[in-house]
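First the structure, in the form of structure tokens, and then the observations on it.
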Amino acid sequence: MKKLILILLILSSFNSKGTIHKIGVWGGYYQFVPASITIQLGDTLQWEPFAGLLPMMLHTITSSNIPVGAVSFDQVWQMPADTFFQYIPQVAGLYEYVCTPHIPNGMIGEFTVITGNTAIQEHSTNKELLKTTDLLGRETKPKKNTPLIDIYDDGTVEKRIVIE
């Protein structure tokens, strides 16, 4: 019986899946959204067009400061061929990355990789709207019959349209 439990425990550890965390590449405001995130070791980061808006210019996702022993990354991202980039960190610690051509615009991001179940997830319904933009990334006031993107202080993004 002990052997059966041990075998099942070992097999279940091989079937565990990490979470895929999505980071938006936003060319309109030269930002990664969210700019900072904490993930578990074994999780995957996936950079993709922010709010489904395909980038109109060249971007990079380039590691600038990573933990010792971590694999560096330097992904050139240009349409129409590149629509996402994935990275699976193998070392815990702080990773900082940039969009090389847009460093002067502040297009930088970071993620922290932690081990075990020490992640503290904050569940809050009190989020504050930072700004509302149109599909081109221009800040705007809410309008009827127009697609809008709301950006909140907790890094969440909501696409909406009020139809009348």
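The values are calculated or read from the model by the stated rules, or taken from the named source; none is laboratory data. Treat the numbers as computed from the prediction; the structure is a model and nothing was measured. Every residue, glycine as well, gets a Cβ built from its backbone with ideal geometry; the counts of neighbours run over all protein chains shown.
Restricting to the range 30-62, give me the number of residues that are closer than 14 Å to residue 107 by Cβ, surrounded by 15 or more Cβ atoms within 10 Å (Cβ to Cβ) and either touching a Leu at 6+ places or on another chain (Cβ under 8 Å) or among the polar types (S, T, N, Q) (or both).
Residues meeting the conditions: 3.
Is the range 116-125 home to any residue that is within 19 Å of residue 36 (Cβ to Cβ) and either small (Gly, Ala, Ser) or at pLDDT 90 or above (or both)?
yes
Can you tell me which residues in the range 71-92 are in contact with a Ser or Thr (Cβ under 8 Å, 6 or more places away or on another chain) and farther than 18 Å from residue 24 by Cα?
Passing the criteria: 72, 92.
Which residue pairs have Cβ atoms under 9 Å apart, sit 6 or more places apart or on different chains, and have a first residue in the range 134-161 that is aromatic (Phe, Trp, Tyr) and a second that is assigned to a strand (DSSP E or B)?
Pairs that qualify, where the first residue is aromatic (Phe, Trp, Tyr) and the partner is assigned to a strand (DSSP E or B), are 152/129; 152/130; 152/158.
Starting from residues that are in a strand (DSSP E or B) and in contact (Cβ under 8 Å) with a residue 40 or more places away in the chain, keep the ones in the range 98-116 and report whichever is farthest from the chain's Cα centre (by Cα). First the steps, then the outcome.
First, pick out the residues of the range 98-116 that are in a strand (DSSP E or B): 98, 108-114.
Filter once more, so that each one left must be in contact (Cβ under 8 Å) with a residue 40 or more places away in the chain: 108-114.
Numbers: 108: 12, 109: 9, 110: 9, 111: 9, 112: 12, 113: 13, 114: 16 Å.
The qualifying residue farthest from the chain's Cα centre (by Cα) is 114.
Could you grab me the full set of residues in the range 52-97 that are among the small types (Gly, Ala, Ser) and not in a loop (DSSP other than H, G, I, E, B)?
Within the range 52-97, 52, 63, 64, 93 meet the criteria.
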